[in-house]
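Before any comments, here is the structure.
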Amino acid sequence: MSPLLGCVADDYTGGTDVAAAYRRSGLRTVLLFGAPPPGTTVPDCDAVIVALKTRSIPPREAVAASRTVQDWLAGQGVRQLYFKYCSTFDSTDQGNIGPVADALAEAGGAGLTVVCPASPEHGRTVYQGHLFVGDRPLAESPMRHHPLTPMTDSDLVRVLGRQTPHRVGLVPLHTVERGPVAVRSALEELAAGGVRHAVTDAVTDSHLDTIARAAAHLPVITGAAGLARATGALAGLDGSAGLPELPPGPSVVLAGSCSAATLEQVAHARAHMPAHYLQAHDGAPAEALDWLKTHLAREDRVMIYSSAPPERRSPGAAPFLEQTLAAVAARAAELGARRIVVAGGETSGAVVNALGVTGAVVGAEADRGVPWLLTTGHPPLALLLKSGNFGRPDLLVRATETP
Ligand SMILES: Nc1ncnc2c1ncn2[C@@H]1O[C@H](COP(=O)(O)OP(=O)(O)OP(=O)(O)O)[C@@H](O)[C@H]1O
Ligand SMILES: O=C(O)[C@@H](O)C(=O)CO
């Protein structure tokens, strides 16, 4: 049977976030990393997500990679494509949300697409087109200090307007509150007025359910995990298939995220396991690999992290730190680690690629939006890819506890 739903995500932890949302909606879900080579077949499932690493690459490359996945998913029989970006709308004035959404909408024959990063379960809401993180507007949240995509404007109509030549409109909350029929006519009116992107307000999950119903006929819709859950729920499945069992074995935590939640989790984990702080200098990779070998030989969980508050970060060091943590992950697997816990989307992308992981079956959630993944390679690894801002303070400790 063809999967019912298909999603292209702009980073790996974003892919896991949608995977958790679909799974919670009762869909048997497969997550693939990177564009699947032609001829790839997907195990029987209800939803397939292809996670790319396109959030911070040049827009043309992001568009090309996303379009390839769109064609591949269409070939799998997927009827509606979901473009997943971050619930904090991580992007710059060059994109990549606008250019990718434009290309997908055009190729999918969508005159108009919905733009809704609201994910109330993660504290992200949209009101009058303004994105809130908890009780703060996006531009006053810690996202204003993000090392790669600092977000300094909370008005999504304006932010997206700088990334696309097309018109951007708004479906306000009072329309959403009137239900799916009202939202659908608002979308039709916007489309008739030449709008390509309809930023849609949503403060609760039930608003997202309304939007999913109203947009069910559109070939391409966009958002974060909140709207993905709502589209998954429309399928009305019960997800009765069993969850994969995780392999036992030593655990390694690799933290490259500098987000507020990760900093707290790393501080908590340092009290529970040996930890090595990775800094940006020439000898750092060799030091980290030596440290790993020594400590993994005698402990069943260890952590290596570069996570740091703004004043302790090394400007321009992001690629070096990502690649070092990726090399550490590959070595950890060779040394027998069977659980790898990664904090940060970009960091997860580098780690998954270094491990050569191409796909995984989605398991139970360790925390909201953070599901365990059982890789399809041999030997199977349990992977936990944590978005920077997700998870309770003790997540890294719980995830590495011996079962
Ligand atoms: N000490 C540091 N100095 C400078 N850059 C750092 C430092 N530590 C990590 N980084 C870089 O910061 C970036 C953090 O991005 P990453 O996507 O991994 O985390 P995040 O943005 O918190 O997570 P998410 O995208 O899931 O919200 C990475 O490129 C990482 O290499
Ligand atoms: O939507 C989110 O906040 C996350 O899934 C994410 O994309 C972080 O990289």
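The values are calculated or read from the model by the stated rules, or taken from the named source; none is laboratory data. Model, not experiment: these values are computed from the prediction. Cβ: placed from backbone, ideal geometry, glycine included. Neighbour counts: every protein chain shown.
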- Check residue 102 against each of (1) closer than 30 Å to residue 174 by Cα; (2) within 16 Å of ligand 1 (Cβ to nearest atom); (3) in a helix (DSSP H, G or I) and name the one condition it does not meet. (2)
- Which numbered condition residue 118 fails, given (1) modelled with pLDDT under 95; (2) among the aliphatic types (A, V, I, L, M); (3) closer than 17 Å to residue 91 by Cβ: (1)
- Message: Suppose the filter is away from ligand 2 (no atom under 16 Å from the Cβ), of a type in the set (A, V, I, L, M) and closer than 20 Å to residue 42 by Cα; does residue 374 pass it?
- Response: yes
- Item | In segment 137-182, residue farthest from residue 317 (Cα to Cα) [restricted to those that are crowded, with 21+ Cβ neighbours inside 10 Å and among the hydroxyl-bearing types (Ser, Thr, Tyr)] | 154
- For the subset of segment 10-50 comprising residues that are under 21 Å from residue 340 (Cα atoms) and either free of Cβ contacts under 8 Å to residues at least 60 places away in the same chain or among the hydroxyl-bearing types (Ser, Thr, Tyr) (or both), which member is nearest to ligand 2 (Cβ to nearest atom)? 13
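The rows are residues; the columns are (1) assigned to a strand (DSSP E or B); (2) charged (D, E, K, R); (3) within 16 Å of ligand 2 (Cβ to nearest atom); (4) over 20 Å from residue 248 (Cα atoms).
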| site | (1), (2), (3), (4) |
| --- | --- |
| 294 | no, no, no, yes |
| 302 | yes, no, no, no |
| 320 | no, no, no, yes |
| 323 | no, no, no, yes |
| 329 | no, no, no, no |
| 342 | yes, no, yes, no |
- Query: When segment 258-317 is examined, which residues are found to be in contact (Cβ under 8 Å) with a residue 60 or more places away in the chain and either more than 17 Å from residue 393 (Cα to Cα) or basic (Lys, Arg) (or both)?
  - Reply: 300, 301, 310, 313
- Task: Check whether at least one residue in segment 252-261 is in contact with a His (Cβ under 7 Å, 6 or more places away or on another chain), within 16 Å of ligand 1 (Cβ to nearest atom) and not assigned by TED's automatic domain parsing to the domain that holds residue 188, and report yes or no.
- Result: no
- Message: Testing residue 7 on (1) buried (at least 24 other Cβ atoms within 10 Å of the Cβ); (2) more than 12 Å from ligand 2 (Cβ to nearest atom); (3) closer than 23 Å to residue 131 by Cα, one condition comes back false. Which one is that?
- Response: (2)
- Do we have residue 314 as within 30 Å of residue 150 (Cα to Cα), under 19 Å from the mean Cα position of the chain (by Cα) and in a loop (DSSP other than H, G, I, E, B) here? no
- Which numbered condition residue 115 fails, given (1) aliphatic (A, V, I, L, M); (2) crowded, with 24+ Cβ neighbours inside 10 Å; (3) in a helix (DSSP H, G or I); (4) under 17 Å from the mean Cα position of the chain (by Cα): (3)
